[in-house]
Amino acid sequence: MNSMKSFFWSVLSAISRVVAVSILTVQLAWAVDPFSVRDIRVEGLQRVEPGTVFATVPFRVGDTYSDERGADAIRALFGLGLFNNVRIETQNGVVTVVVEERPIISTLDLIGTKEFDKDVLRKALRDIGLTEGRPFDKAMTDKAEQELKRQYINRSLYAAEVVTTITPLDRNRVNLSFNVIEGDVARIKEIRFIGAHQISESTLLDQMDLNAGNWMSWYTKSDRYSRSKFNADLETVRSYYLARGFLEFRIDSTQVSISPDRLSMNLTVNIHEGNRFVVSGVRLEGYYLGRDEEFKSLVRIQVGKEYNINQVTETTKAFTDYFGNFGHAFARVESIPEIDRATNRVFLVLRADPSRRAYVRRINISGNTRTRDEIIRREIRQLESAWYDGDKIKLSKDRIERLGYLKEVNIETLEVPGAPDQVDLQVNVVEKPTGALQLGAGYSSFEKLFLTFSVTQDNILGTGNFLGLQVSTSKYNKFFSISTTDPYYTEDGVSRTFEYSHRSSKPYIEQLGNYRLITDNFGMRFGIPMSEIDRFIIGVAIERTQVELGTNTPNAYLTYCLKVGCPAVAYPVSAGWVRDSRDSVIAPTRGVLARVYSEAAATGDVQYVRYGGGYQHFIPMGKKYAFALNADIGIGQGLGNSIYPVFKNYYVGGLGSVRGFAQGSLGPRDVTGFVTGGPKKLVLNGEFYAPFPGVGNDKSLRLYAFVDAGNVFGHDEPIRLNELRSSYGTGLSWVSPMGPLRLAVANPVNKQSGDRITRLQFQIGNTF
């Protein structure tokens, strides 16, 4: 019945078009003499406003009507998409437009769409004009049906069927429904390489994201065929061969066959490996600005080694970049191989054409819907109306990427028509969610359940300013802080930060006492850029510390209140230096983050000084693996005869320091067992990242192995490496639908009596 109704509407639509054309033809055949229009009338309207028709027809009262104008009117009215039929009648100077409105879509249903979100599909249909209250168009409906099928094919659901049902209703309305039978996913059964002799087939399959499936295919969906993924894998295989000497490698053909039941697929790749070639030499040809020796130092191609396309690409890119440093924006460098097949050797000729020198006329920015132009523009070191400088453009790109709230940054060089010595720079950015919501939890026999919560926004209202809120709470410890940073407080890039924090703590065992330590801090600091990667930081603060005395108050607090007073106020001044050469703030893979800091309070109730530093080094290890090193040290002491304040003590243990031990539980304790922290700390970490077994090249799910060492030391204790608590273990890093998740299972080493052990720790976050 449904198919009959669909056929009925198809025939009706076709007939209406034939009738319209026939009427138009008849009118042209029965030509009327031009006349002055005395009146215009419209018949057949039900929902469309008459004004829509009057505004569309190309004539008005008083105009001269002709057959040509009548034909134009019919075409224009059909172009609105509101009518099935249109004709024009004329009599005694009166033009009557007779229309037949298209049915209106009363309801639109999507049935059986489990693979896709219905709201997403409805929005897509709405964008092409298919939604409730809009005129029904059979051609558009057919197009939507084919698009639905194509989307299912992209999800490897080749057996999916889409049946469109059109139900006529009274008052010239229809119900439209897409009935989808999704079927099962067509999975890759086998991938074969025909012609692979010198490189094993298993090695080639390891380079591909697509595979024949394994126990993790439910997560990676790597056994679902996708033409775009298949093409990307073929390019990866091509690069693999070209990087290992196979200069004449080519892919002859590919075959994709699907089973009769459309549930399994076989992929076959026919390749020609060719022979391995060794580089016999490299020669520079062309004009190199009289700096041939400088360019020769940029050559990365190793003579006597196997031909490597990566080395050739790195060399040509280094050449073009170096040309760009001297204003030659359109320099071309070509690698020409001179092949000796008798000896399987290749001589490479690097031919350069620096072309003309150019200066930058204009810098345009696109893609930033939330971030203001000036926020991105202030990171650009290439100036308008200045000579094109490749180094400054690369530096500008790196600085924009380090902002942290842009997913992609690309800078294109565009020629200016009619101005051979001018170029425009097009900065294309893709924004990403700039807010982060993080939740953390842990459990220990002492502190029980503890929770952490933080909210940050790196780009408030597109201004580039930072706003952060952090809360940590348990039965015994509570912490709250709020901070805001303006990275460009001055035009020279001096940043300004305001921060307020509140901390309170009480003993873990209630029988040991009911005292509480409360600290409030309000500070302001400035960051002064010293270079592109170096920043000097100075700050001032006011800090108030209150010890609410109670039963069994630790001696450290009693002494503090006796000698200093409760509450006590300090006015610390801080200074520091930071060097940041990481390639990313969120997920760095290479680069260094180094910092040195100092803080001193010479006035107020408390006088002290503390200083320290940290070093992080990120090292890539091929395509899949990475290694990270971290070191953190801090030292504090009182000034003169002053006591070093308890609230300035360092705390070590847990995620971010020494895993396997409870959060902040390492270091000196008093007689009650209360962890007092200490004025000295040392933390050392090493992490090795590898893909999770079965996920192939997917980096959203990774395993890591770690080694941690660290401790806190008292006033009279030197930092001894043999007293460091240490741990090793493994962990899981997953970019989950709920946000980044980090889980660690640690095995403590060098643990001592009284240490609080937490072998399992995790942290989960989300972005918005």
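The table that follows gives values for the structure above.
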read-out: Boolean, Leu210 is buried (at least 17 other Cβ atoms within 10 Å of the Cβ) and either assigned to a helix (DSSP H, G or I) or touching a residue at least 60 places away in the same chain (Cβ under 8 Å) (or both); value: no
read-out: Residue satisfying condition, being part of a strand (DSSP E or B), more than 35 Å from the chain's Cα centre (by Cα) and surrounded by fewer than 17 Cβ atoms within 10 Å (Cβ to Cβ), within set Asp252, Asp261; value: Asp252
read-out: Subset of the range 131-156 (residues that are under 17 Å from Ile105 (Cβ atoms) and in contact with a strand residue (DSSP E or B) (Cβ under 7 Å, 6 or more places away or on another chain)); value: Thr131, Glu132, Gly133, Arg134, Pro135, Phe136, Thr141, Glu145, Leu148
read-out: Of all residues making up the range 577-617, the number that are of a type in the set (Val, Ile, Thr) and free of Cβ contacts under 8 Å to residues at least 60 places away in the same chain; value: 6
read-out: Subset of the range 404-421 [modelled with pLDDT under 85 and touching a helix residue (DSSP H, G or I) at 6+ places or on another chain (Cβ under 8 Å)]; value: Leu406
read-out: Residue tally, condition closer than 30 Å to Cys561 by Cα and not hydrophobic (A, V, I, L, M, F, W, C), over the range 573-612; value: 12
read-out: Candidate set: the range 486-519, residues that are modelled with pLDDT of 90 or more and out of contact with any Gly (no Cβ under 7 Å at 6 or more places or on another chain); chosen: the one farthest from Ser454 (Cα to Cα); value: Arg496
read-out: Qualifying residue in the range 577-585 (condition: under 30 Å from Val547 (Cα atoms) and in contact with a strand residue (DSSP E or B) (Cβ under 9 Å, 6 or more places away or on another chain)); value: no
read-out: Where Thr165 falls short, out of the listed (1) within 30 Å of Arg47 (Cα to Cα); (2) loosely packed, with under 15 Cβ neighbours inside 10 Å; (3) among the polar types (S, T, N, Q); value: (2)
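The values are calculated or read from the model by the stated rules, or taken from the named source; none is laboratory data. Given the structure is predicted, the values throughout are model-derived calculations rather than measurements. No Cβ is skipped: glycine too gets one built from the backbone with ideal geometry, and neighbour counts run over all protein chains shown.
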